[in-house]
Amino acid sequence: MLYRLDAAFTAMHKPIVYAKVHLDTLPSNDTRKSFLTPTILRDGVDLFGMVSTSALAKPPCRYSRDEVPSADAIQAKLLAP
């Protein structure tokens with residue numbers, strides 16, 4: 001996901017600026033822990049529309065290796081209003 005996010009920023013000719021967060025390092029009450037991984041959040045909202053889930057009931061991974069959004073799909077979402 002990070003490789004594709006970097007590729008999306010590069011294709012948009014934008015600086016690659018984001019915060020990479022490991023869920024295990026967040027406090028238990030941090031709302032970002034309620035999203036499946038990997039997730040790209042913009043202003044606290046999942047880029048692909050997934051709503052937060054119970055942090056206790058979530059599976060460890062959101063996508064299989066073949067399901068990760070493409071750089072083009074990420075770019076389209078980043079450019080959307």
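Note on region 8-20: among residues that are touching an Asp or Glu at 6+ places or on another chain (Cβ under 9 Å) and open to solvent by less than 80 Å² (accessible area, probe 1.4 Å), the one that is farthest from Val68 (Cα to Cα) is Ala11.
Considering only residues in region 41-73 that are modelled with pLDDT under 75 and of a type in the set (Lys, Arg), the one that is surrounded by the most Cβ atoms within 10 Å (Cβ to Cβ) turns out to be Arg62. Going by what's in this entry, would Ala76 be described as at pLDDT 90 or above and touching a helix residue (DSSP H, G or I) at 6+ places or on another chain (Cβ under 6 Å)? In short, no.
The values are calculated or read from the model by the stated rules, or taken from the named source; none is laboratory data. Remember, it's a predicted structure, so these values are computed and weren't measured experimentally. Every residue, glycine among them, receives a Cβ derived from its backbone with ideal geometry; neighbour counts consider all protein chains shown. Heavy atoms of the whole protein, side chains included, go into the accessibility calculation; ligands, DNA and RNA do not. Shrake-Rupley method; radii C 1.70, N 1.55, O 1.52, S 1.80 Å.
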